Every structure is written in C-alpha cells, then in structure tokens.
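Inspection log for the structure reproduced underneath, given as structure tokens.
Rule-based calculations on the coordinates, nothing more; no lab input. The structure displayed is predicted, hence computed values, not measured ones. Backbone-built Cβ (ideal geometry, glycine too); neighbour counts: all protein chains shown.
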Amino acid sequence: MALACRACRVSLAASAGCAVCDPVRRHLVVTDEADEEEAGLAGTAREVVAALRAQLRTVRSALAADKNDERAEKRLIGLGNTAAKVLESARKLQQDGVGAVEAMAFTERAELFIGWLATLPPAYRASVRERWDRWELEVARPLELALPETTSVPSEN
C-alpha cells in the first residue's frame with residue numbers, strides 16, 4: 001500500500017508531484033529507523049556521553065568543594081577509564097563496519113547503496129540525483145577539453 005496525493009494521484013515516493021503535494025515532500029521522513037526493536041548506535045552513544053558528563057559534573061563539584069576527596073578522585077579516574085573504553089569500542093565498531101564494506105564484492109556494495117538510496121525521502125533522492133548528474137558533468141568536462149576542436153588532417157609539406 002503506497003501513499004499518493006489526493007489531487008494528482010502521484011505516489012508520495014516520487015520525486016515530484018503537483019502544487020499540493022510538492023511542498024509536503026520536503027518534510028517526509030523515513031520511519032523504519034524508529035520501528036527497530038534495538039536501540040541505534042548513535043542513540044546509545046548519546047546516552048552514554050550524557051551519563052558520563054552528568055557524573056563528571058558531580059565529581060567536579062565534589063573536587064571543587066574538597067580538593068583532597070579521595071573518593072571523588074577515584075570516581076574521576078573511573079570516568080576516564082570508562083570514556084576510554086567507550087571510545088575504543090566506538091573506534092572498533094567503525095573499523096569493523098568499514099572492513100565489512102571493503103570486503104564486499106562490487107554487486108554487494110551496489111545493492112547496499114541502492115537500498116540506502118531507496119529509503120531516502122523523495123526530495124533527498126532528487127538531491128542525490130542532481131549532485132550525481134553535476135559530478136558526471138564535471139568528470140566528463142576534461143575529456144571534452146582534451147578533444148581536438150577540428151578534425152582536419154594536417155597538410156603534408
């Protein structure tokens with residue numbers, strides 16, 4: 001079941017429609033991400049960073065009140081170790097993801113890209129297409145400049 005504009009009957013997944021539905025297309029979002037049962041990595045990372053910052057504020061205020069508070073010093077060291085572990089895990093996840101993509105065959109990479117592109121709202125897909133077309137023109141331009149302007153055969157003297 002696809003949604004379409006009531007006025008023009010063009011699918012909302014299309015990149016363009018009528019004057020009624022075109023302004024709305026900019027505001028369409030992908031809802032699949034919110035439907036996942038597991039928390040996303042970015043959301044989890046934000047929560048961890050927020051918790052670490054809150055604990056750091058508490059430790060700072062304790063150390064500001066008493067510079068010799070050994071318990072606060074130990075908590076500060078623990079927070080530093082935790083932050084280091086979180087950053088190391090994030091780096092490893094990123095490297096694993098890059099490694100997985102690099103290990104893919106061309107067709108797998110193409111399917112991954114097409115799948116990602118298909119999930120974009122229509123306005124974003126249109127923007128990607130426009131940028132792609134501009135890029136192809138830029139890449140082709142040096143070839144046009146390298147071609148000779150005339151096709152005449154040099155004269156023999």
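Could you say which residue among ARG125, ARG109, ARG131 is assigned to a helix (DSSP H, G or I), in contact (Cβ under 8 Å) with a residue 24 or more places away in the chain and out of contact with any Pro (no Cβ under 7 Å at 6 or more places or on another chain)? From the options ARG125, ARG109, ARG131, the qualifying one is ARG125. Considering the conditions (1) under 19 Å from ALA42 (Cα atoms); (2) among the β-branched types (Val, Ile, Thr); (3) more than 20 Å from the chain's Cα centre (by Cα), ILE77 is excluded by exactly one of them, (1). You will find that of LEU56, LEU117, the residue that is part of a helix (DSSP H, G or I) and either acidic (Asp, Glu) or closer than 30 Å to CYS21 by Cα (or both) is LEU117 and no other.
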